[in-house]
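*Asks:* Have a look at this one.
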Amino acid sequence: MSKITAAITAVGMYVPEYVLSNQILETMVDTNDEWITTRTGIKERRILKEPGKGTSFLAINAAKDLIAKSKIDPKEIELVIVATATPDMQAASTSAFVASNIGATEAFSFDLESACSSFLFGMSTAARYIESGKYKKVLLIGADMNSSMIDYTDRATCIIFGDGAGAVLFEPNKDGFGVLDEYLRSDGVGREFLQVAAGGSILPASEETVKNKQHYVYQDGRTVFKFAVSNMADVSAKIMERNNLAKEDVAWLAPHQANKRIIEATANRMDLEMNKVMMNIQKYGNTTSATLPLLLNEYEKQLRKGDNIIFAAFGGGFTWGAIYLKWAYNAN
Ligand code: UT7
């Protein structure tokens, strides 16, 4: 019997309507379009403005888009994984709420949190469930409402992040399509350089933590940038090497969208032309767990069955890695 691999068979996405442009940010903090564009590649990002709505709202809409497009019966979904750094609330699983709302009433579900690598690590997790032979339909959603933890008076972070969600369906494949290899890493040395200090178990919420703005994202951008450039490029080059992939064999790089310069450095190390690099950072900024599935949605029609895609991400913790996947279908 041929080996079972985990193929992506459908995608869906959702971004909120409100567009926060560089021009609007210029009126909020001491920054300008030229600085943001040249340093990050970002022109605008989407922000969820509706009170009372959180990450689950984004995730539910992305999943519903996938279900409508693929015409699957949500009752066939056996597992829902919500990859996120901004769950709806502590203790209650966001994924359970999402699964119920999309009609995945036969599924079990869990959240997976690993900062900007959440979706990448979620791909690895979903693949293992499929490869076990026990599960036939695993829905992986990457969703983040980053605006819930951003200080819009801090120009070092508010220009970078946006809100959004993307969903992918994994199904078993016996013809060699799907996840073929992965190289995933983490190093706790990075915790001090990118974090939300309060609200967790080390520093629970108090009057003091609110006053000190410790519920917002803090980032030492320069240090994170340095680690991101070298680590994302390293794992991407390594996964090509150990799968004997020459640059001609790689159809696409799907990189986490944190900074255009990090993406270019990774492509450069892989010796890939930029027309093989998926990019939408200009429209959405860094949507944390949503960047990779948003890319797949945007490029879906250009992807061909058999295309070799390298996914790569780097994020808080630090966490990072690369996944090699063979695309399984033509969308049109
Ligand atoms: O997704 C998770 C992983 N995260 C990342 O991968 C992010 C990695 N880091 C980055 O992308 C970049 O470090 C940033 C985009 C965050 C910052 O770019 P940078 O080129 O590293 O800038 P910098 O922090 O070194 O700051 C350069 C200058 C500073 O001024 P001085 O000290 O040179 O006078 C900053 O104060 O730019 C200033 N600056 C700004 N100026 C205008 C910082 N933020 C802004 C701003 N507008 N928004």
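The values are calculated or read from the model by the stated rules, or taken from the named source; none is laboratory data. None of the values given here were measured: they were computed from a predicted structure. Here the Cβ positions follow ideal geometry from the backbone for every residue, glycine too, while neighbour counts run over all protein chains shown. Keep in mind that these areas ignore ligands, DNA and RNA; they rest on the heavy atoms of the full protein, side chains included. Shrake-Rupley method; radii C 1.70, N 1.55, O 1.52, S 1.80 Å.
*Asks:* Determine which lysines satisfy two conditions relative to residue 49: a Cα distance under 25 Å, and not lying fewer than 8 residues away in the same chain.
*Replies:* Hits, sequence-local ones excluded: 64, 211, 213, 283.
*Asks:* With a 1.4 Å probe and every protein chain kept in, tell me what percent of the accessible surface of segment 179-326 is carbon plus sulfur.
*Replies:* 47
*Asks:* With a point put 7 Å past each Cα toward its Cβ, work out how far residue 92 is from residue 209 in nm, to one decimal.
*Replies:* Between residue 92 and residue 209, the simple spin-label model gives 1.9 nm.
*Asks:* So, with +1 on the Cβ of K and R and -1 on the Cβ of D and E, and no other charges, what is the size of the charge dipole of the chain about its Cα centre, to the nearest 20 debye?
*Replies:* 580
*Asks:* If you don't mind, another one. Using the basic label-point model (7 angstrom from Cα toward the beta carbon), what is the residue 106 to residue 174 distance in nanometres?
*Replies:* Rounded to a tenth, the inter-label distance reads 2.1 nm.
*Asks:* Note down the relative contact order for the chain as a percent, whole number, built from C-alpha pairs under 8 angstrom at least six residues apart.
*Replies:* 25
*Asks:* Accessible area per residue, 1.4 Å probe, Å², for segment 5-176: what's the number?
*Replies:* Using a 1.4 Å probe on heavy atoms only, each residue of segment 5-176 averages 40 Å².
*Asks:* Tally the DSSP beta bridges in the chain and give the antiparallel ones as a percent, rounded to 5.
*Replies:* Taking every DSSP beta bridge within the chain, about 70 percent pair in antiparallel fashion.
*Asks:* Based on alpha-carbon atoms only, what is the radius of gyration of the chain relative to the globular estimate 2.2 N^0.38 Å?
*Replies:* That works out to 0.94 for the chain.
*Asks:* Sorted by average packing, counted as other Cβ atoms within 10 angstrom per residue and highest first, what order do 72-79, 108-115 take?
*Replies:* For the peptides 72-79, 108-115, the packing ranking is 108-115, 72-79.
*Asks:* Give me the one-decimal nm value for the distance between modelled label points at residue 156 and residue 261, 7 Å along each residue's Cα-to-Cβ direction.
*Replies:* 1.6
*Asks:* Of all DSSP beta bridges located in segment 179-326, what percent are antiparallel, nearest 5?
*Replies:* 80
*Asks:* Also, quick follow-up: From the helices alone, meaning DSSP H stretches of at least four residues, give me the mean residue ellipticity at 222 nm for the chain, per-run term -39500 (n - 2.57), in deg cm²/dmol to the nearest 500.
*Replies:* The helix-only estimate for the chain comes to -9000 deg cm²/dmol at 222 nm.
*Asks:* Which one, 256, 223, 148, is farthest towards the positive end of the dipole of the chain when Lys and Arg carry +1 and Asp and Glu -1 on their Cβ?
*Replies:* Comparing the listed Cα positions along the dipole, 256 ranks first.
*Asks:* Can you list the lysines whose alpha carbon is less than 19 Å from that of residue 276, not counting same-chain residues fewer than 8 positions off?
*Replies:* 238, 247, 260, 301, 305, 326
*Asks:* Right, another one. Hey, got the dipole for segment 179-326? About the Cα centre, +1 on K and R Cβ, -1 on D and E Cβ, debye to the nearest 20?
*Replies:* Roughly 220 debye, rounded to the nearest 20.
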